[in-house]
Structure formats: C-alpha cells, structure tokens
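Chemist: Below you will find the structure I want to go over with you.
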Amino acid sequence: MEPMWKVLIFLAPLCPICQNMSFDLRQLESDFAHAPIEFVGIFPNPSSTSDQVTSFQSTYGLKMPMMKDTAHWAEALGAQWTPEVFVLNDLDSVVYRGRINDRYFAPGKRKPLTKRRDLDAALRDCLAGRAVKNPVTEAVGCPIEGIRLKKSED
C-alpha cells in the first residue's frame with residue numbers, strides 16, 4: 001500500500017499572508033488531487049470562530065477540510081506562524097516544516113515572483129520516495145496567539 005502523506009497548514013482568517021497564499025494552496029490542491037496526500041487547514045488561534053473558518057474556506061475556494069485546532073496540533077508540533085505547514089508521513093513523523101513558498105521574506109514584504117515552491121518540492125520528494133531535500137524552511141507570517149516565540153541565543 002502506498003504511504004499516505006498529511007499536510008497540516010496552520011492558518012488565520014485575518015492574516016494577510018494566509019489570504020494571499022490561498023491561490024498557491026488551491027494550486028497545490030489541484031496539482032496533487034490524485035496523489036495520496038491529505039491537506040488539512042488548521043486554525044490554531046483561540047480567537048478564530050467557526051464562522052470565520054467557514055468563511056475563509058468559501059472566500060478563498062479551498063476544498064481541504066478546515067477546523068479549529070481542538071487537538072492542539074500547533075502546540076504539539078511547535079508551530080509559531082500562520083501560514084506554516086507540516087508534512088507528516090504515515091507514522092505522523094514530520095518530514096517537512098516551514099513555508100509554502102519563498103514569496104514573503106518578512107511580514108508585509110514580498111518578492112514580485114515566487115522562485116522556490118518549497119511545499120511543492122517537499123511533496124514531490126515524498127511521492128518519489130526520496131528524503132525531503134530541504135526539510136526545514138523559515139515560515140513568514142502572523143504569529144500564532146499564545147505561542148511564545150523562541151529567542152535565538154546569538
């Protein structure tokens with residue numbers, strides 16, 4: 001049996017970067033529609049309402065299931081940003097963590113063109129049976145409420 005991959009995408013309804021990445025998420029849903037990949041949108045902020053989750057899904061035309069983070073995935077995985085993605089293998093081990101692509105290099109600052117589609121590349125590695133070439137990238141987005149950001153020891 002082919003392995004099943006799960007992509008957990010942490011989102012926030014009012015985060016402009018999440019809103020702007022919806023096109024890329026729709027493209028990924030389409031590109032991998034027939035692959036053994038399950039995309040799930042998770043809203044970790046306690047302030048996100050069920051109505052906002054439903055509205056986000058319909059406004060941005062996403063097909064994946066979306067839910068509030070009642071299972072505390074953000075805490076378990078150490079997610080800090082929206083959007084931030086985690087690709088899990090069939091043993092629920094993280095094989096990729098980070099950004100959807102390289103369009104944003106800081107909150108509110110984006111490049112005119114996307115050069116690296118990191119999540120797409122990670123999923124293609126998974127489907128080909130290869131280790132993910134770049135298993136960790138730096139997510140850029142809105143901070144998840146209640147998550148204390150790790151300070152670097154530099």
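Chemist: Would you tally the residues in the range 1-29 being among the acidic types (Asp, Glu) and part of a loop (DSSP other than H, G, I, E, B)?
Modeler: 1
Chemist: Now for a different question. Identify all residues within the range 89-143 that are basic (Lys, Arg), within 16 Å of the chain's Cα centre (by Cα) and under 19 Å from residue 19 (Cβ atoms); write none if there are none.
Modeler: 99, 103, 117
Chemist: Need pairs with beta-carbon distance below 7 Å; first residue on the phi < 0 side of the Ramachandran plot and within the range 80-101, second of a type in the set (Lys, Arg); sequence gap 6+ or separate chains.
Modeler: As it stands, the answer is 86/97; 88/6; 101/116; 101/117, since those pairs meet every condition given.
Chemist: With respect to residue 83, is the statement that it is of a type outside the set (A, V, I, L, M) and surrounded by fewer than 22 Cβ atoms within 10 Å (Cβ to Cβ) true?
Modeler: no
Chemist: Could you list, in sequence order, the residues of the range 55-64 that are assigned to a helix (DSSP H, G or I) and of a type in the set (Gly, Ala, Ser)? Step through it out loud before you land on a result.
Modeler: Here is the first cut: in the range 55-64, the ones assigned to a helix (DSSP H, G or I) are 55-60.
Across the range 55-64, the qualifying residues are 55, 58.
Chemist: Also: Given the condition surrounded by 13 or more Cβ atoms within 10 Å (Cβ to Cβ), free of Cβ contacts under 8 Å to residues at least 40 places away in the same chain and closer than 16 Å to residue 119 by Cα, answer yes or no: does some residue in the range 11-21 qualify?
Modeler: No, because not a single residue in the range 11-21 is surrounded by 13 or more Cβ atoms within 10 Å (Cβ to Cβ), free of Cβ contacts under 8 Å to residues at least 40 places away in the same chain and closer than 16 Å to residue 119 by Cα.
Chemist: Is it the case that the range 65-80 has a residue that's in a loop (DSSP other than H, G, I, E, B), over 14 Å from the mean Cα position of the chain (by Cα) and within 16 Å of residue 14 (Cβ to Cβ)?
Modeler: no
Chemist: State the number of residues belonging to the range 123-151 that are surrounded by 11 or more Cβ atoms within 10 Å (Cβ to Cβ), under 30 Å from residue 47 (Cβ atoms) and among the aliphatic types (A, V, I, L, M).
Modeler: Residues meeting the conditions: 5.
Chemist: Just one of the numbered conditions (1) part of a loop (DSSP other than H, G, I, E, B); (2) surrounded by fewer than 20 Cβ atoms within 10 Å (Cβ to Cβ) is not true of residue 100; which one?
Modeler: Single failed check for residue 100: (2).
Chemist: Could you check the range 28-79 and list, in sequence order, the residues that are surrounded by 14 or more Cβ atoms within 10 Å (Cβ to Cβ), within 26 Å of residue 128 (Cα to Cα) and either among the small types (Gly, Ala, Ser) or without any contact (Cβ under 8 Å) to a residue 24 or more places away in the chain (or both)?
Modeler: Within the range 28-79, 35, 41 qualify.
Chemist: Right, next: Any residue at all in the range 25-35 that is charged (D, E, K, R) and more than 21 Å from residue 127 (Cα to Cα)?
Modeler: Looking only at the range 25-35, we keep the residues that are charged (D, E, K, R), and these are 26, 29, 31.
Subset that is more than 21 Å from residue 127 (Cα to Cα): none.
The answer is no; no qualifying residue exists.
Chemist: Out of the residues in the range 104-124 that are out of contact with any helix residue (DSSP H, G or I) (no Cβ under 8 Å at 6 or more places or on another chain) and in contact (Cβ under 8 Å) with a residue 24 or more places away in the chain, state the one that is nearest to residue 5 (Cα to Cα). So that I can check it myself, show each step before the final result.
Modeler: So the first thing to find is which residues in the range 104-124 are out of contact with any helix residue (DSSP H, G or I) (no Cβ under 8 Å at 6 or more places or on another chain), and the list is 105-106, 109, 111-113, 115-116, 118, 121-122, 124.
This time we only want the ones that are in contact (Cβ under 8 Å) with a residue 24 or more places away in the chain, so: 105-106, 122.
Numbers: 105: 27, 106: 29, 122: 11 Å.
Taking the candidates together, the pick is 122.
Chemist: What tally of residues in the range 30-54 results from selecting those that are touching a Gly at 6+ places or on another chain (Cβ under 9 Å) and either in a helix (DSSP H, G or I) or hydroxyl-bearing (Ser, Thr, Tyr) (or both)?
Modeler: 1
No lab work stands behind these numbers, since they all come straight from the coordinates. Please read all numbers here as calculations on a predicted model, not as lab measurements. We place every Cβ from the backbone using ideal geometry, glycine too, and count neighbours over all the protein chains shown.
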